[in-house]
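In what follows, a single structure is set out as C-alpha cells and then discussed.
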Amino acid sequence: MTTVGNYLATRLVQAGIKNHFTVPGDYNLVLLDKLQEHPELEEVNCCNELNCSFAAEGYARTKGIAAVVVTFSVGAFSAFNGIGSAYGENLPVILISGSPNTNDSSDHRLLHHTIGTHNYDYQYEMAKQITCAAVQIKYPEDAPSLIDYAIRECLAKKKPCYIEVPTNMASAICAPPGPISSLVNSVPTPKDVLSQAVNASVDFINSHLKPTLLAGPKLKCADAQKAFLRLAEALKCAVAVQPAAKSMFPEDHPQFAGVYWGQVSTKKADAILEWSDLTICAGCIFTDYSTTGWTALQPSSHRLEADADNVRFPGHSFDQIGLANFLNVLAERVSENDKSLIEYNRLRQSPPLIKAADPKAAITRKEMARQIQQLITPKTTLFAETGDSWFNGVQMDLPKGALFEVEMQWGHIGWSVPASLGYAVGAPDRRIITMVGDGSFQMTAQEVSLMVRLRKPIIIFLINNYGYTIEVEIHDGPYNNIKNWNYAALMEVFNANEGSGKGFKARTGGELADAIEKAQANVSGPTLIEIQINRDDCTNELITWGHFVALANARPPKKTT
Ligand SMILES: Cc1ncc(Cn2nnc(CCOP(=O)(O)OP(=O)(O)O)c2C)c(N)n1
Ligand SMILES: [Mg+2]
C-alpha cells in the first residue's frame, strides 16, 4: 500500500515532472511533505500563487507538463489566473489544491481560508470551468483512479486539470500506482477517417493554383512540428507562421516567408498569403489579436484548417484526426507546387541594415532592438511580454535552434517574469532572454528574487517607456500612466547581500552595450537591464495594430430586430 500523497508524487514524476511550484498553506503542508519524500521531485517556492501558476505554465512550455501546489481559496484563486493561461495556451498544468478536512463539511463548521459558508465545493465548481478534468479526493480508495483520470485527460487534451486533496487525505492509505501506461490515453485516428480526409484534402489542394502554408501555435501541443516541416518540404510552397507560432518553423529555411500578422506582418508574409488562393492552416488560432482586429483572416473558401484533432475546409469536416498523423500522410500524397515560393522570392527583400547609433546618443527602441538581435543564438529562448515587446520580439530574426515564447491568447501582463523562471527550471541549458515592459514588470516583479535564489542567469530587458504604451495605442487615457520605479536598483533589494543578480540602467546605446556585456558574463544570477526610452518611441506596427484592434472593440452592438 502507499499514501495518497506518495501516489500523487509517483504519478507526477512518471508524467515527466521533476519540479513542482508551490506556496505552502496549512491545507497543503502534509501533502508537500509527501511530495518532498519522492527522491526525483523537488519543490520550487514562489513568492505568490499567481507567479507559481505562471512559473508552472512556463515550465510546461519546455517540459510538456507541470504542477502547481497551493492552499485552499486564498492560494487557488490567484493560481486560477495562470491556469486560465494554460487553458488558452494549450499547456498541461496540474493544479493541486489543499482543502478542508473531510469531516468539516458534515460537522457543519465555518473555516478559515473560505468564503465563510458551510459549502466548500465552490472552488471545485470554479476549477471545472477552466480545466479539462477536475476531481476532489474525498475517499482514499478513490484516489488512484481520480488522480489517473485527471492526469490522463490533462496529457491527452493538453489542457490543465484540477486535483483537490483535503488536508486529512494526503497521508491516508491507498493502493500503490500501477504502470505509467494507465496515464496514456492516445485515441488512435480511425484509418478510414484519415484516408478520407487526406483524399478529400489532396483534391481540394489540387483544385487551387498557388497554395501556401501557415503554422499556428497548436503545432507544439499537437507535437506536429516535424510533420509540418515534412509537408512544407513536400509541397515546396511559401511558409508563414502566426506570431504565437514563431520558431515552430525554422526561420533559416529557404521556404520561410515571415510572420503573418496582417498589416503588421514581417518579411512581406501578408503579401504572399494574400496573393495565394489557398492557405493550409495547421494548428492556427485566429483571434482579434492574432488577426489584427479581424483584418488578417482569409475567407474560409481560401482556407484548409487542420486543427489539433480535426480537419475542415469548404464542404468537408473530419473529426478525431491527430494533426501530426494528418500532416504526415498528407505529405506523402501531395504533389509539389512551388508557385507561391517562386512569387515570394520575387517579393523578398534583404533586411534593411540598421546601423549602430552613436553610443553617446539617447537610446532608441531601434538601437535597443539592434543590440538585442545580436544576442540571439541557437541556444536562446526569447520571451516576449504583452506590450510593444510583442512587436519587437516578433521582428527578431531567429537562428536555427532559437526558440520564442509568447502568451498571446491569455495576454496577462507580467506573465513573462515567472514564466521565464519556470522555463529556466525546466530547461537549464537554454539561454533565456526576457523582453518585458515597465507596466507588465510591476505585476510580477517579486519573482526576480527567485531567479536570484535559484541563480538563474536570465537576461531581463526591462523596457521603461513610462507607462502602458500598448494601451495608449489602442485607447489612451490617464489610466495608462504609472508610477515610475528605480527598476535597476531592485536587484540590490532582491540580492539582500547574498545574491548575484545585477541591475543596470541604459540611457544610451553605449550604456546598453556595456550592460549586455556584463549580463553575458553573469552566469550565476539574473541581470536586469532597464532601458529608458521615450514614451512614444514604439514600433509603427504597434500603432497600426492598436488602431485596428480599437476599431474591432468599437463595433456598435448589433441592432435587435
Ligand atoms: C492582468 C492584466 N491586466 C491588464 C491588462 C491590459 N494591459 N495590456 N497591456 C497593458 C500595458 C502593458 O504596458 P507595458 O508592459 O509597459 O508595455 P509597453 O509599454 O507597451 O511596452 C495593460 C495594462 C492585461 N493585458 N493583463
Ligand atoms: Mg511600458
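If you go through the range 356-415 and pick out every residue that is crowded, with 22+ Cβ neighbours inside 10 Å, among the acidic types (Asp, Glu) and away from ligand 1 (no atom under 13 Å from the Cβ), you end up with 2. Taken over the range 444-457, residues that are surrounded by 19 or more Cβ atoms within 10 Å (Cβ to Cβ) and touching a residue at least 60 places away in the same chain (Cβ under 8 Å) amount to 9.
Those helices (runs of 4 or more DSSP H) of the range 426-482 in which 1 or more residues are within 8 Å of ligand 1 (Cβ to nearest atom) and under 17 Å from MET368 (Cα atoms) occupy 438-444, 469-474. With respect to (1) at pLDDT below 95; (2) touching a strand residue (DSSP E or B) at 6+ places or on another chain (Cβ under 9 Å); (3) crowded, with 16+ Cβ neighbours inside 10 Å, the lone exception for GLY499 is condition (2).
Looking at the range 459-469, can you tell me whether even one residue there is β-branched (Val, Ile, Thr) and more than 9 Å from ligand 2 (Cβ to nearest atom)? The answer is yes; a qualifying residue exists. Is it the case that the range 327-344 has a residue that's more than 22 Å from SER290 (Cα to Cα), surrounded by fewer than 18 Cβ atoms within 10 Å (Cβ to Cβ), free of Cβ contacts under 8 Å to residues at least 60 places away in the same chain and assigned by TED's automatic domain parsing to the domain that holds ASN534? Within the range 327-344, none of the residues are more than 22 Å from SER290 (Cα to Cα), surrounded by fewer than 18 Cβ atoms within 10 Å (Cβ to Cβ), free of Cβ contacts under 8 Å to residues at least 60 places away in the same chain and assigned by TED's automatic domain parsing to the domain that holds ASN534. When GLU233 is tested against (1) over 26 Å from GLY411 (Cβ atoms); (2) in a strand (DSSP E or B); (3) not aromatic (Phe, Trp, Tyr), exactly one condition is not met: (2). Checked against the criterion of being closer than 22 Å to PHE391 by Cβ, of a type outside the set (Asp, Glu) and either in the same structural domain as TRP410 (by TED's automatic domain parsing) or not in a strand (DSSP E or B) (or both), the range 194-217 has at least one qualifying residue. Scanning the range 385-423 for residues that are of a type in the set (A, V, I, L, M) and either in contact (Cβ under 8 Å) with a residue 40 or more places away in the chain or within 16 Å of ligand 2 (Cβ to nearest atom) (or both) yields VAL394, LEU398, ALA402, LEU403, VAL406, MET408, ILE413, VAL417, ALA419, LEU421. The set of residues from the range 442-458 being more than 22 Å from the chain's Cα centre (by Cα) and within 16 Å of ligand 2 (Cβ to nearest atom) is empty.
Quick check on VAL13: is it in contact with a helix residue (DSSP H, G or I) (Cβ under 8 Å, 6 or more places away or on another chain) and either at pLDDT 95 or above or outside any strand (DSSP E or B) (or both)? So VAL13 fails the test.
Yes or no, residue by residue, for (1) buried (at least 24 other Cβ atoms within 10 Å of the Cβ); (2) out of contact with any Leu (no Cβ under 9 Å at 6 or more places or on another chain):
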site	(1), (2)
GLN14	no, no
HIS38	no, no
CYS46	yes, no
ASN51	yes, no
ALA60	yes, no
VAL69	yes, no
SER73	no, yes
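So which residues in the range 45-76 are touching a residue at least 40 places away in the same chain (Cβ under 8 Å), in a helix (DSSP H, G or I) and not aliphatic (A, V, I, L, M)? Answer for the range 45-76, where residues must be touching a residue at least 40 places away in the same chain (Cβ under 8 Å), in a helix (DSSP H, G or I) and not aliphatic (A, V, I, L, M): ASN51, CYS52, SER53, PHE54, GLU57, GLY58, TYR59, ARG61, THR62, LYS63. Sort out which residues of the range 273-324 are acidic (Asp, Glu) and within 22 Å of LYS220 (Cα to Cα), and write them in order of number. Of everything in the range 273-324, those that are acidic (Asp, Glu) and within 22 Å of LYS220 (Cα to Cα) turn out to be ASP288, GLU305, ASP307, ASP309, ASP319.
Please find, within the range 325-357, the residue that is farthest from LYS220 (Cα to Cα) out of those that are basic (Lys, Arg) and assigned to a loop (DSSP other than H, G, I, E, B). Quick ask: steps written out before the conclusion?
Let us first name the residues in the range 325-357 that are basic (Lys, Arg), namely 333, 339, 346, 348, 355.
When the remaining residues are screened for being assigned to a loop (DSSP other than H, G, I, E, B), the result is 348, 355.
Values: ARG348: 28, LYS355: 36 Å.
That would be LYS355.
Scanning the range 126-135 for any residue that is aliphatic (A, V, I, L, M), closer than 26 Å to LYS220 by Cβ and part of a loop (DSSP other than H, G, I, E, B) turns up at least one such residue.
The values are calculated or read from the model by the stated rules, or taken from the named source; none is laboratory data. Worth saying up front: this structure is predicted, and the values here are computed from it rather than measured. In this analysis, Cβ positions are derived from the backbone assuming ideal geometry, glycine residues included, and neighbour counts consider all displayed protein chains.
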